[in-house]
Structures are given as C-alpha cells and as structure tokens.
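Working notes, structure below.
Just so it is clear, none of the values below were taken in a lab; they were calculated from the coordinates. Only a predicted model underlies this, so the values are computations on that prediction, with no experimental measurement involved.
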Ligand SMILES: Cc1cc2nc3c(=O)[nH]c(=O)nc-3n(C[C@H](O)[C@H](O)[C@H](O)COP(=O)(O)O)c2cc1C
C-alpha cells in the first residue's frame, strides 16, 4: 500500500471536488490517501507519491499551489508527482490554452503528467472583482466537469504508480 498526498487549490470548491474524486479512486486502487490544502502541507517526504491540482484564474494556477511547489520543490522532485488543472468552461471547453505556469510547475516538481479537466462556474458564488474578470473573458457559467474522465485519469495514475 502506497501513501499518497492529494493537494488541490480551489477557491470555490469545484476543483477540490475533482481532487476528492481522484483521492477516492486512488484509495479504491488500494492506496492510503491524505487530502490536504496546499497551505496545510508542511512536508511531503513521508509520502510515496503526490497529486497536485489547481483551478485556473486569469491564465494562471492558484498562488497557493505555486507556493507549495516552491516550498517543497526539492522533495517533490524525489518522488512521483502528477498535476492536474481545472478551468476551461463550455462546449467546446474554452480557453483551450495551457496556463502560463504549468510548464514551470511540471519542471520544478518533475511531474509525470499534467492533465486538464473541464471546470465549473457559479456566478452567484463570485465576488465583484471576479465577476468583472469573468465578464471580460466571456466565461460560460455552468458545471462542465466530467467525473468519468477524472476517474479514468486517477486509475491511470494508480496503475503507473504501481509500476514505479
Ligand atoms: C476570476 C476567474 C478567472 C478565471 N480565469 C480562467 C482562465 O484564465 N482560464 C480558465 O481555463 N478558467 C478560468 N476560470 C474558470 C475557473 O478556472 C473554473 O470556474 C474552475 O472550475 C473554478 O474552480 P474552483 O471552483 O475550484 O474555484 C476563471 C474563473 C474565475 C472565477
């Protein structure tokens, strides 16, 4: 049994729910899984593997996720790491672009994979500045998450980890 950390940055909760689904699937595959917010992670050296996740805000991963990678980069590089981000909305999901800092995070943590999942946006839960930003980007409100896709990816992670 491997001990895995799942740490996800999520302002409004939808990316955290994706992280919970990943954690559940990894546990179903026989692993022991901790779920912690990035700010709660002091050390990663007790874990056999780490799954990092973040929502995207204005083209970037969340600050707390980037801070975790800066804090723990050296230790993360010593173990298998996977990254996912969630953001694109609508059908087809937009924007199709990779957030600016994904490459830097993949490189700092030496991540095996960086995977994009579609996101969810509830305008009612946004503050005024977020509403203005969302209006500027014409983001489509709604829940576009595909949990079957998430579970499929998590099973791939579990298989890859078992082979490490
Ligand atoms: C202020 C704001 C800016 C956003 N900017 C982007 C963006 O640049 N690219 C993107 O793919 N999604 C963007 N989104 C969509 C979010 O990433 C998406 O709604 C995500 O699922 C939110 O996750 P959360 O519920 O965990 O906060 C933005 C959402 C908000 C509220």
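Some points to look at:
- Here the range 1-72 carries DSSP beta bridges of which approximately 15% are antiparallel, counting only pairs with both residues inside.
- Normalising the average separation of contacting C-alpha pairs (under 8 angstrom, six or more residues apart) by the number of residues puts the relative contact order of the range 65-121 at 49 percent.
- The range 23-164: relative contact order as a whole-number percent, Cα under 8 Å and 6+ apart: 25
- Comparing mean-square fluctuations of 129, 107, 54 from a GNM of the chain with C-alpha springs under 10 Å, the top value falls on 129.
- Three-way shape label, the range 115-164, alpha-carbon gyration tensor, a/c 1.5: prolate
- Counting Cα-Cα pairs of the chain in 5 Å increments starting at 0 gives whole-percent bin shares of 2, 9, 20, 22, 20, 14, 8, 4, 1, 0.
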